[in-house]
Amino acid sequence: MGTYLVGALNGLAMGSLLFAIALGLSLVFGMMDVLNLAHGAVYLLGAYVAVALLPDGVGLGVFVLAVLAAAAAGAVLGGALAAMTRAIPHHLDQALLTLGVALVVAELLSLVFGNDVHSIAAPAAVGGGVAVFGGTYPVYRLLVIGFGIVLAVAVYLLVERSRLGTVIRATVADRAMVAALGVNTGRVLAGVFAAGAALAAVGGVLAGPILGAQPGLDEKVLLLALVVVVIGGLGSIRGALLGALLIGQVQALGTTLLPQYASFLIFAAMALVLLLRPAGLLPPRTAVRA
Amino acid sequence: MTDLLAVAGLRGGYAGTTVLDGVDLTVAEGSVMALLGRNGAGKSTFVHTVMGMLKPYGGSVRIGGRELAGSPAHVVARHGVAIVPQGRRVFAPLTVEENLRVAARGAGGPWTPARIYEVLPGLAARRTHRGDQLSGGEQQMLAIGRALLRNPRLLLLDEPSDGLAPTVVDRIAELLEGLRDEGMTALLVEQDLHLATRLADEIAVMQKGRIVHRTSTDAFRRDRPLAQTLLGVGTQPSGPGGDRS
Ligand SMILES: Nc1ncnc2c1ncn2[C@@H]1O[C@H](COP(=O)(O)OP(=O)(O)O)[C@@H](O)[C@H]1O
Ligand SMILES: [Mg+2]
């Protein structure tokens, strides 16, 4: 019994990270129909920021600094991606451009950090365990779950309650119409692109003590995030949350029950959702068009 | 009277195909211009190009004397142009309130959400309903309210009566009449001749991406054969002069 509950907690931690990572991917797709294939590379950049700044057993302050540094690096890269993709008219070309950026970033990272597997330690203050379900569970992972909850609430308040959030949802529904109401949608888009990339990079730091950093991780994470976005519904924020929680659980339970089939289960879950609900679990409603 | 909108030699279309083949049209400040023409004549393309939602291939679009051809839509909007597009295009997942919030700028003008709700009580009752839960008439009211919140100098209306029941069309006509009497400048694309002649001071006719005729509404009313040859009115639901009333 305890094993499953620990697995469920692991799933929640994974779901929190996946939500942070998939959110930007989903919103950028919803707003401009562009799949940002560099999103995984942005995540990896964050993970290597953690490698560079976090020797074993650092204090919480340094860890927070690494999170902020990764957010800044991710925002800059996201802003650059927004500017580059906006200059290109066709969606396929835009996707190819982001793929090119992904390859360049990944190559640069492996030049700087080598091809070794780096493990990253949790900050010393939260490196221990607490008693849960008759065993011990890492405090750090509970904090990651807490981060996921705070993020979900913050995103909900921003997107559902603020004028900026209203404009973002309207832009997902009908971008040209929002522009005709005097909103510089290019700037909104760049902001969302940058914020989404910043979150992915922060995800890279936070996931560091769990997943480490190594070449190829960018592709794995991108694939997981894509599955989350497809399951939840492209452009849907609630969908991204639900998809992340679901995939987090599927992966954790799969690892507990059927380790050799864990990754197969994730794609089986996606196939099942697409079969039952082709637009995803919580698709954003699209605009009424002429 | 000065021209608030002055379009000259405007060419445009979609991905290289030409739809607008040199449009010349002016709308005087404080007047309503109706733009008529058969389906596919290029009326919506024209409206979208003036709004900056489509890039023109060439030509001039002046708003209050300022050249805005090729400017993006948000810039055109900030120079005082607002659109009520064909098909309404309310934001389906957003509530009525949120639809209006997207349009509301911080600074001034007579139109505020409170006044919109006052003039359109039907919308006030549906404030918390989503765009896709509204009837066609309510969506049209919302699209008009959203445009008015921009406090525009020039209002572009693309077939506001399209697909609506006669009683609803009448309510929209009354609303637009009120705006006209307050001095609103508007370009009204309309297939419903009765509505167009009721609201407009002048009438222009578009054919194959050009303005082929322009006249005062009074002269147009008296000249039934003209309407028939230019528009193929026999195929329209209502004739000029309004067999509807
Ligand atoms: N989004 C589009 N892409 C390509 N062609 C279009 C598009 N919209 C309209 N057209 C074409 O442009 C021409 C003019 O259409 P439109 O401006 O909508 O006419 P109207 O509003 O007068 O009925 C038509 O031939 C139509 O098929
Ligand atoms: Mg049209």
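For this structure, a couple of remarks:
- Counting only helices (runs of 4 or more DSSP H) that sit wholly inside region A:166-263, those with at least 3 residues that are within 14 Å of chain B (Cβ to nearest Cβ) and either among the acidic types (D, E) or under 18 Å from the mean Cα position of the chain (by Cα) (or both) are A:237-257.
- Just so you know, in region A:105-122 the residues that are in a loop (DSSP other than H, G, I, E, B) and of a type in the set (A, V, I, L, M) include one that is nearest to A:R141 (Cα to Cα), and it is A:A122.
- Of the criteria (1) of a type outside the set (S, T, N, Q); (2) surrounded by fewer than 18 Cβ atoms within 10 Å (Cβ to Cβ); (3) within 16 Å of ligand 1 (Cβ to nearest atom), which one B:G64 fails: (3)
- Selection status of B:S60, assigned to a loop (DSSP other than H, G, I, E, B) and more than 16 Å from ligand 2 (Cβ to nearest atom): no
- Single residue of region B:47-57 satisfying the filter (more than 10 Å from chain A (Cβ to nearest Cβ) and away from ligand 2 (no atom under 16 Å from the Cβ)) that is surrounded by the most Cβ atoms within 10 Å (Cβ to Cβ): B:P56
- Criterion: closer than 16 Å to A:A200 by Cα and aromatic (F, W, Y) - qualifying residue of A:Y43, A:Y4: A:Y43
- Some residue of region B:52-60 being touching a helix residue (DSSP H, G or I) at 6+ places or on another chain (Cβ under 7 Å) and among the aromatic types (F, W, Y): no
- Taken over region B:171-197, the criterion of being in contact with a helix residue (DSSP H, G or I) (Cβ under 9 Å, 6 or more places away or on another chain), surrounded by fewer than 18 Cβ atoms within 10 Å (Cβ to Cβ) and charged (D, E, K, R) is satisfied by B:R171, B:E177.
- Strands (runs of 3 or more DSSP E) wholly inside region B:81-196 that include at least 2 residues being within 11 Å of chain A (Cβ to nearest Cβ) and not acidic (D, E): B:81-84
- Scanning region B:15-46 for residues that are over 25 Å from B:D218 (Cβ atoms), within 9 Å of ligand 1 (Cβ to nearest atom) and either within 14 Å of chain A (Cβ to nearest Cβ) or without any contact (Cβ under 8 Å) to a residue 24 or more places away in the chain (or both) yields a count of 6.
- Yes/no for B:L154 being at pLDDT 95 or above and either surrounded by 23 or more Cβ atoms within 10 Å (Cβ to Cβ) or not aromatic (F, W, Y) (or both): yes
The values are calculated or read from the model by the stated rules, or taken from the named source; none is laboratory data. Owing to the predicted nature of the structure, the values given are computational and were not obtained by experimental measurement. Cβ coordinates were reconstructed from backbone atoms using ideal geometry, including for glycine residues, and neighbour counts include every protein chain displayed.
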